[in-house]
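Working notes, beginning with the structure itself.
The values are calculated or read from the model by the stated rules, or taken from the named source; none is laboratory data. Please read these numbers as outputs of a predicted model, since none were measured by experiment. Here the Cβ positions follow ideal geometry from the backbone for every residue, glycine too, while neighbour counts run over all protein chains shown. The accessibility values were calculated without ligands, DNA or RNA, using every heavy atom of the protein model including side chains. Shrake-Rupley method; radii C 1.70, N 1.55, O 1.52, S 1.80 Å.
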There are 2 protein chains.
Amino acid sequence: MARTQPESDTRERILCAALKLFAEMGYAGACTKEIAREAGVAEVTLFRHFVSKDKLLEEVMSRFTFVSVMPQLLAEIAALPCEEALTTLAGRFIDYLVLRKDWVRIMQAEMQRAPAKLFTVYHAFLDDLLGGFVACFRQLQQRGCLGDFDLEQGARMFHGICFNYFNQEELQGRKNYKSTDRELVIREFVRIFLYGTCSRRSE
Amino acid sequence: MARTQPESDTRERILCAALKLFAEMGYAGACTKEIAREAGVAEVTLFRHFVSKDKLLEEVMSRFTFVSVMPQLLAEIAALPCEEALTTLAGRFIDYLVLRKDWVRIMQAEMQRAPAKLFTVYHAFLDDLLGGFVACFRQLQQRGCLGDFDLEQGARMFHGICFNYFNQEELQGRKNYKSTDRELVIREFVRIFLYGTCSRRSE
DNA sequence: TCGTGATGTAAGTAAGTACTTGCAATTATG
DNA sequence: CATAATTGCAAGTACTTACTTACATCACGA
């Protein structure tokens, strides 16, 4: 049957299904028959919208590419006391990663053998994240509530802890293996980070 | 031709080839013909040694399973000054991960759809790492050169930074995208960590 | 010299996968 | 009402993959 929905609805459903199954089973492990089934369409319909499976992957990664959340986070923490600003930053960043879990997972799995383009997109994504943390720390320094330290290294450290938390809990399923108190983890590392960066140049 | 080498040599070569290609292409993406070619054997030989492709994966993950390096690291840092102990700990831990890069990559990719056994093995591996860091920090506390802080959270923080460094530089290929001064990264995060944990209970 | 163990070559089976073609059905639109 | 757009169904092609069978070859030990 036809015209029960705009063509674009069908494309969106196929893209969402592909995102999900490429993330769960990998590119090679996700067959087009399964993707079509997950999208609720016939396999032949998938090939009416996308020239090939390779093209489908390309379009999935373009369609769901990251949009920088860092400017928004910068605005969110602007009026908060320092420690609360950092805990909020960490929490919202982890939330952002959780929303993009499938994209990140596909990127990590397929980037190696994908065209150089995906590789570059992923590392631009990481650059954006690190740059965003640098901007946040600079703002906090200017308010006088962060010490004088190497912002690049501090950003890398902060990002590393958050991303690894996300990686283990969400991508590696550690939350299904052993429960973790997310608030405690964030609170403690933020405190160590604050103390560690506040007293940096005093010697 | 035959008997040019012991049977066990052939098995080892197949297991090494499988480790490499499962890591590079994923389980579904690495076909048995390619694995055999990489091992320098005929495909039929692969199936003389391993009942099936699934069994091959199981044996790869058993054969190359992690051996805890944490007791050795504990011994290594025992006689070092605190800051040097922590930088050495971080460096040696990253080296250990780099050596097991293929195993970690396969685990991260295949654990989701693999039997629960792989899932448990991987998280036991993470437990071992975290426990090892806790033991190291406790030793340093007992020597009086680390502050009084939540060892579990500190271990998670320390591990997170190192593992994420490894993940990005080695697994995600960031070292091929932008060069990173590993010594600077380690030195700076250890200093922030030291300052952060030394002044924890003083308030 | 012969038997054994281990592997290679060649050819194959069964199933799965990416993708295509032809025709039918339904709905929206002019 | 006719047409166009979109999708489903069915059947298919070409190729790939996991795995098997039969026979040949070679090294080694008794």
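Observations, loosely collected:
- Relative contact order for the range B:125-167: 44 percent, from Cα pairs under 8 Å spaced at least 6 residues apart, divided by residue count.
- Degrees between helix A:82-99 axis and first principal axis of chain A (Cα, 0 to 90, nearest 10): 10
- Per-residue mean of foreign Cβ neighbours for B:13-26 is 1 (Cβ atoms of other chains, 10 Å radius).
- Spherically averaged projected area of the range A:136-203 from its Cα convex hull (nm²): 5.1
- Distances from B:Glu12 to itself in the other copies, using label points 7 Å out along the Cα-Cβ axis, amount to 5.8 nm in increasing order.
- For A:92-99, mean number of other protein chain Cβ atoms within 10 Å: 0
- Exam field: B:Glu43 pseudo-label spacings to other copies (7 Å along Cα-Cβ), nanometres: 2.1
- In the assembly of identical copies, B:Arg63 has its label point, taken 7 Å from Cα in the direction of the beta carbon, separated from the corresponding points by 4.1 nm (ascending, one decimal).
- Modelled spin-label separation between B:Ala116 and A:Thr120, with each label point placed 7 Å from Cα along the Cα-to-Cβ direction: 4.7 nm.
- With both labels modelled 7 Å from their Cα along Cα-to-Cβ, the B:Val44 to B:Ala78 distance reads 5.6 nm.
- Overall, the protein assembly as shown carries a charge dipole of about 700 debye about its Cα centre when +1 sits on the Cβ of Lys and Arg and -1 on the Cβ of Asp and Glu, all other atoms neutral.
- Among the listed pairs A:Lys175/B:Lys101; A:Lys20/B:Lys20; A:Lys53/B:Lys55; B:Lys117/B:Lys178; A:Lys101/B:Lys20; A:Lys101/B:Lys175, those with a Cα-Cα distance over 31 Å are B:Lys117/B:Lys178.
- The string of couplings for the range A:45-56 from the Karplus curve (6.51, -1.76, 1.60, θ = phi - 60°) is 5, 4, 7, 7, 8, 10, 4, 7, 5, 4, 4, 4 Hz, one whole number per residue in order, with x for Gly and Pro.
- Sequence-separation-based contact order of the range B:7-63, relative, with Cα cut under 8 Å and 6+ spacing, percent: 41
- Rounded accessible area of A:Cys31 (nearest 10 Å², 1.4 Å probe): 60
- Those chymotrypsin sites (Phe, Trp or Tyr not before Pro) in the range A:104-203 that DSSP places in a loop and that have at most 15 other beta carbons within 10 Å: none
- Modelled FRET efficiency - R0 30 Å, B:Cys145 with A:Glu152, Cβ distances, 0.05 increments: 0.65
- Net charge, A:Ala85 excluded, C-beta distance under 10 Å - Lys, Arg +1, Asp, Glu -1: -2
- With DNA, RNA and ligands ignored, accessible area of B:Thr32 (1.4 Å probe; Å², nearest 10): 20
- Shown here: the protein assembly as shown, whose C-alpha atoms stretch 66, 66, 36 Å along the first, second and third principal axes, sorted largest to smallest.
- Measuring nothing but how far apart in sequence close Cα pairs (under 8 Å, 6+ apart) lie, relative to its length, chain B scores a relative contact order of 21 percent.
- In the complete set of protein chains, residue-level accessible area for B:His159 is approximately 0 Å², probe 1.4 angstrom.
- Over chain A, all Cα pairs binned in 5 Å intervals from 0 give whole-percent P(r) values of 1, 7, 14, 16, 14, 13, 11, 9, 7, 4, 3, 1, 0, 0, 0, 0, listed from short to long.
- Under a model in which nothing but the beta-carbon of Lys, Arg (+1) and Asp, Glu (-1) is charged, the range B:7-63 shows a dipole of about 60 debye around its Cα centre.
- Cysteine residues of the protein assembly as shown whose Cβ has no partner cysteine Cβ closer than 4.7 Å: A:Cys16, A:Cys31, A:Cys136, A:Cys162, A:Cys198, B:Cys16, B:Cys31, B:Cys136, B:Cys162, B:Cys198.
- Pairwise centroid distance, computed over Cα atoms, of the range B:65-123 with the range A:83-151, Å: 24
- Surface listing: B:Arg182, B:Arg105 arranged by accessible area from highest to lowest gives B:Arg182, B:Arg105, probe 1.4 Å.
- Note on chain B: with charges restricted to the Cβ of Lys and Arg (+1) and Asp and Glu (-1), its dipole about the Cα centre is near 360 debye.
- Prolate/oblate/rounded label for the range B:7-63 (Cα gyration tensor, a/c 1.5): rounded
- Closest approach of a chain B beta carbon to the axis mapping chain B onto chain A (residue, whole Å): B:Gly196, 1.
- Inter-chain shielding of B:169-176 (mean C-beta neighbours from other protein chains, 10 Å cut-off): 3
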